[in-house]
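Trainee: Provided herewith is a single structure, encoded as structure tokens, for subsequent inquiry.
Each reported figure results from applying straightforward, stated rules to the coordinates on display, with no laboratory input. What you are looking at is a predicted structure, and each value in this text was computed from that prediction instead of being measured. All Cβ positions, even for glycine, are placed from backbone atoms using ideal geometry, and neighbour counts span all protein chains on display.
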Amino acid sequence: MHFFTLGNSVKIPAVGYGTWQSPDSQITVNGIKAAVSCGYRHIDTASIYGNEISVGQGVSECGVPRSELFVTSKVWNSDRGYEKTLAAFEKSLSDLGLDYIDLYLIHWPASEHRFENWNEINLGTWKAMTELYKSGRIKAIGVSNFKPHHLRSLMETEIKPMVNQIEFHPGFTQSETVEFCRSNNILVEGWSPLGTGRMLNNPELMKIAASYKKSVAQVCIRWCLQHNVLPLPKSVTPARIAENFSVFDFNLEKADMDLIDAMENFGGSGLDPDYVDF
Ligand code: A2P
């Protein structure tokens, strides 16, 4: 197994199974079973994905003990603040059918664009996360889509974020945020490592992939790993689920890493945490 180690020594399996846009249905239950059977031990969901019940069913039916799995969920924007975060956590836990969560994240920062007291809101959410962490019901806590200016005040608190999950794929590397996280011992996770599929027909990536006899998806995932970014590819298709985990038997050479690093943004989501309207 390949792992990253968080600031509190918790080990996190190095490729996670993403479930954004996976439905709350047997499709997701089957996807998790397929993922676990080919080696994934890390599943990423969020309350807003609306699939926590199916994710929980997949976890309980996959045949691997709960203690060997790593499950992440996230508190949604409408549940920000101390009280609401505590309640949102209980709901996620109950929908997942679990008695602890491995990693719980603030899904998006409250931003200045929408809230005068954005920083206080984020600190209130963080206070609830901190309490849940200290009670042992969450093994690690962190954030998602936070830029350095959103993170700074959280870095002054008793328990610092251990993870920041951000959009990360070729052409969209958020280097300032990644650098900030690296220097503060925050693991970066990458959502949409395939650009929600938009990377897959890129001629430059196709050429690099062919030279390793790998797919573009595998190159994108490997490129994340070699940047010490934990990729979270999403698929509900068994062959793709397996393909996306078969990334530990090759190494991208520096010249190819550099080529990919230099790519212009061609498949970004356009979602800027400072300006999103949700
Ligand atoms: P599907 O779930 O129907 O298999 P991202 O992880 O960047 O958000 O990308 C997810 C999208 O990419 C989904 O539409 C998924 O489709 C598709 N996808 C995932 N893995 C692969 C793969 N190995 N080859 C082609 N498409 C893939």
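Trainee: What distance in nm separates the simple spin-label points at Ser183 and Ser269, each placed 7 Å from Cα in the Cβ direction?
Mentor: It is 2.6 nm.
Trainee: Something else now. At 7 Å along Cα-to-Cβ for each site, give me the label-to-label distance between Asn228 and Trp20 in nm.
Mentor: 2.4
Trainee: Which whole-Hz ³J(HN,Hα) couplings does segment 264-278 yield from phi under the Karplus relation 6.51 cos²θ - 1.76 cosθ + 1.60, θ = phi - 60°, glycine and proline marked x?
Mentor: 6, 5, 10, x, x, 6, x, 8, 9, x, 6, 10, 4, 9, 9
Trainee: Using label points projected 7 Å from each Cα along Cα→Cβ, tell me how many nm separate Glu158 and Glu83, to one decimal.
Mentor: The answer from the label model is 2.2 nm.
Trainee: Still on this structure: Using a ≥ b ≥ c from the Cα gyration tensor of segment 86-168 (square roots of the eigenvalues), is it rounded, prolate or oblate, where a/c under 1.5 gives rounded and otherwise the larger of a/b and b/c decides, a/b for prolate?
Mentor: On the way: a/c = 1.71, a/b = 1.66, b/c = 1.03.
It is prolate, given that a/c is not under 1.5 and a/b is the larger ratio.
Trainee: Out of the DSSP beta bridges found with both residues in the chain, what percent are antiparallel (nearest 5)? Mind showing how you got there, number by number?
Mentor: Values: 4 of 30 bridges.
If we restrict to bridges inside the chain, about 15 percent are antiparallel.
Trainee: In terms of the Cα gyration tensor, with a ≥ b ≥ c the square roots of its eigenvalues, is the chain rounded because a/c is under 1.5, prolate because a/b exceeds b/c, or oblate? Please report the intermediate quantities before stating the final value.
Mentor: On the way: a/c = 1.74, a/b = 1.23, b/c = 1.41.
Taking the square roots of the gyration eigenvalues as a ≥ b ≥ c, the chain is oblate.
Trainee: How about Lys33: which lysines have a C-alpha closer than 18 Å to its C-alpha, ignoring those fewer than 8 places off in the same chain?
Mentor: Partners within reach: Lys234.
Trainee: Which of the three applies to segment 1-138, rounded, prolate or oblate, going by the alpha-carbon gyration tensor with a ≥ b ≥ c and a/c under 1.5 meaning rounded? Intermediate values should be presented prior to the final figure.
Mentor: Details: a/c = 2.00, a/b = 1.60, b/c = 1.25.
Verdict is prolate for segment 1-138.
Trainee: What length, rounded to one decimal in nm, is gained on full extension from Glu116 through to Thr5, with 0.36 nm per residue of separation minus their alpha-carbon distance? Walk me through the numbers before you get to the answer.
Mentor: Details: separation 111, 0.36 × 111 = 39.96 nm, distance 3.58 nm.
Length difference between fully extended and current span is 36.4 nm.
Trainee: Across segment 180-278, how large is the tail of the calculated P(r) beyond 15 Å, expressed as a percent of all Cα pairs?
Mentor: Values: 3145 of 4851 pairs.
Of all Cα-Cα pairs in segment 180-278, 65 percent lie more than 15 Å apart.
Trainee: May I ask you to compute the full-extension gain from Glu61 to Lys213, defined as 0.36 nm times their residue separation minus their alpha-carbon distance, rounded to one decimal in nm? Mind dumping the intermediate values first?
Mentor: Values: separation 152, 0.36 × 152 = 54.72 nm, distance 3.44 nm.
Full extension from Glu61 to Lys213 adds 51.3 nm.
Trainee: Now, a different point. Quick one: which residues, 5 or more positions from Met162 or on another chain, have an amide H under 5 Å from its amide H? H modelled 1.01 Å from N in the peptide plane, none for Pro or chain starts.
Mentor: Residues meeting the amide H criterion: Ile141, Gly142, Val143.
Trainee: Measuring from a point 7 Å past the Cα of Phe278 along Cα-to-C-beta, which residues in segment 92-131 have an amide N at less than 12 Å?
Mentor: The answer is 108, whose backbone nitrogens lie closer than 12 Å to the label point.
Trainee: In deg cm²/dmol, rounded to 500, what helix-only [θ] at 222 nm does the chain give when every DSSP H run of at least 4 residues adds -39500 (n - 2.57) and the total is split over its residues? Please list the in-between numbers first.
Mentor: On the way: 10 runs with 104 residues, N = 278.
It lands at -11000 deg cm²/dmol.
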